[in-house]
Structure formats: C-alpha cells, structure tokens
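> Below: one structure in structure tokens.
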Amino acid sequence: MIPSSSNATPQYHMGMAMFLCRWSNGDFSIVDADDEDHAVELLDEFANADSAKIVPMLDCMFDFRLNDRGEIELAQIGSDTENAIREACYPELEKVIEDVDENEDGDCAPERLERIRVAVEHERTRQKVASPEPADTEAGKDLQREMDMARATANRVVQRKGAQIQESMKTDGKKVQ
C-alpha cells in the first residue's frame, strides 16, 4: 500500500499475495489479495470474475512513469513477470510466436504478422465462460443474478448485512420478541 502523503507510514498487510486474473475476452488484471476469494471480490470493481481464470503470481514487477499530461502510464514490465503472464494467459500465442521466430526471417514479414494476428484473435476467444458457482444463500443468489455480482462478493454482502441486522436487534440483555 502506498501512503497518501509523504509523512504517512506505509501500511503493509502480511499474508497478501499477487493474483493474475485472465478474463474470458483475453485481457488480464493483477490484484494483491489475501486469497483467491478476496481477489474475486476486489476484481468485482472491474467485472464479475467468477468465470475468470485466477492464479497466484510469484513474480510481479512493473515500472511506471508520469507522462506530460500528468497521467501515470506503464513504462515496462519485468521480464519474469511478462513471462509468467504469457505462460498463464496466452500459451497458444506463445507457441505461434516461437514457431514463427524459428521458421521465418524478418520481424515485419507479412506472413509472420498475420499468423500472430490470428493467434491473438484466438487467445481473445478461446477461454470458455463457465457458469459461476451460486452464492451460499438465496439472497446472495439474487444479488448475483440482479447485479452480476461475484459469488464471493454476494456472500460477503449477505454476511455483513446479516451481522448488521443481528447487531441492531441486540438490547440491554432483554430477549428480542
């Protein structure tokens, strides 16, 4: 976690891990989370990750820069990180790139570019979208259905709301009727 001011002390959470999420459209996201369920909950900010492939990442290194418009942009990806992403997310594209690099001359050969373009399109569509596992309760299933909410997020919302209801029902040692 990055402090919000230069005088603040960073808050580090032990037990957190990096997770790689490969979305069904071929895109990917990386998230720092306690576990896979927590990763799915955090990824819900982007989309429902129930049917995405999520794997732990051992190597994760990115370099960012500030552009002239004051925006943060990616400068480069660490080589181990890029290799891990390619292996987990795009194995079929990697095979085509290796084959093309071994068998063809020239970086801009039209045939090479076409084979890679076809492989990229295939990677964007190859992952089947599985039906998400249903939430634990009927209220959670309703949230999933009505809000396209991830299972872990729906379960957490129902648990928190249930705890709030229980807390509001407490009295000074008197039984609630």
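The values are calculated or read from the model by the stated rules, or taken from the named source; none is laboratory data. Owing to the predicted nature of the structure, the values given are computational and were not obtained by experimental measurement. Cβ atoms come from the backbone with ideal geometry, glycine included; neighbour counts cover every protein chain shown.
> Against the conditions (1) in contact with a helix residue (DSSP H, G or I) (Cβ under 9 Å, 6 or more places away or on another chain); (2) over 30 Å from Q144 (Cβ atoms); (3) among the small types (G, A, S), where does S79 fall short? Just the number, please.
It is condition (1) that S79 fails.
> Just checking, which of I97, I77 is under 26 Å from H38 (Cα atoms) and at pLDDT 80 or above?
On the way: I97 fails: under 26 Å from H38 (Cα atoms).
Just one listed residue meets the conditions, I77.
For every residue, the table says whether it meets (1) in a loop (DSSP other than H, G, I, E, B); (2) aromatic (F, W, Y); (3) out of contact with any Cys (no Cβ under 7 Å at 6 or more places or on another chain).
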{"site": "F46", "(1), (2), (3)": "yes, yes, yes"}
{"site": "S51", "(1), (2), (3)": "yes, no, yes"}
{"site": "F64", "(1), (2), (3)": "no, yes, yes"}
{"site": "L74", "(1), (2), (3)": "no, no, yes"}
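> Looking at (1) touching a Ser or Thr at 6+ places or on another chain (Cβ under 8 Å); (2) closer than 27 Å to H122 by Cβ, which one does D44 not meet, given that it meets all the others?
(2)
> Suppose we keep only residues that are over 30 Å from D101 (Cβ atoms), out of contact with any helix residue (DSSP H, G or I) (no Cβ under 7 Å at 6 or more places or on another chain) and among the polar types (S, T, N, Q) within region 119-162. Which one would you say is surrounded by the fewest Cβ atoms within 10 Å (Cβ to Cβ)?
Within region 119-162, the first condition is being over 30 Å from D101 (Cβ atoms), and the residues that meet it are 129-162.
Narrowing the set further to residues that are out of contact with any helix residue (DSSP H, G or I) (no Cβ under 7 Å at 6 or more places or on another chain) leaves 129-131, 138, 141-142, 145-148, 159-162.
With among the polar types (S, T, N, Q) added as a condition, the list becomes 131, 159.
On the way: S131: 7, Q159: 13.
For region 119-162, the residue satisfying everything is S131.
> Oh, and also: Inside region 69-96, can you point out the residues that are closer than 25 Å to T125 by Cα, surrounded by 13 or more Cβ atoms within 10 Å (Cβ to Cβ) and not basic (K, R)?
Narrowing region 69-96 to residues closer than 25 Å to T125 by Cα: 77, 81-96.
The next check asks that each one be surrounded by 13 or more Cβ atoms within 10 Å (Cβ to Cβ); those that pass are 77, 81-86, 88-90, 93-94, 96.
If the condition is that a residue be closer than 25 Å to T125 by Cα, surrounded by 13 or more Cβ atoms within 10 Å (Cβ to Cβ) and not basic (K, R), then I77, T81, E82, N83, A84, I85, A88, C89, Y90, L93, E94, V96 are the ones that fit.
> With respect to E92, is the statement that it is under 28 Å from E36 (Cα atoms), acidic (D, E), modelled with pLDDT of 90 or more and out of contact with any Leu (no Cβ under 6 Å at 6 or more places or on another chain) true?
On the way: under 28 Å from E36 (Cα atoms): yes; acidic (D, E): yes; modelled with pLDDT of 90 or more: yes; out of contact with any Leu (no Cβ under 6 Å at 6 or more places or on another chain): yes.
Yes: the conditions hold for E92.
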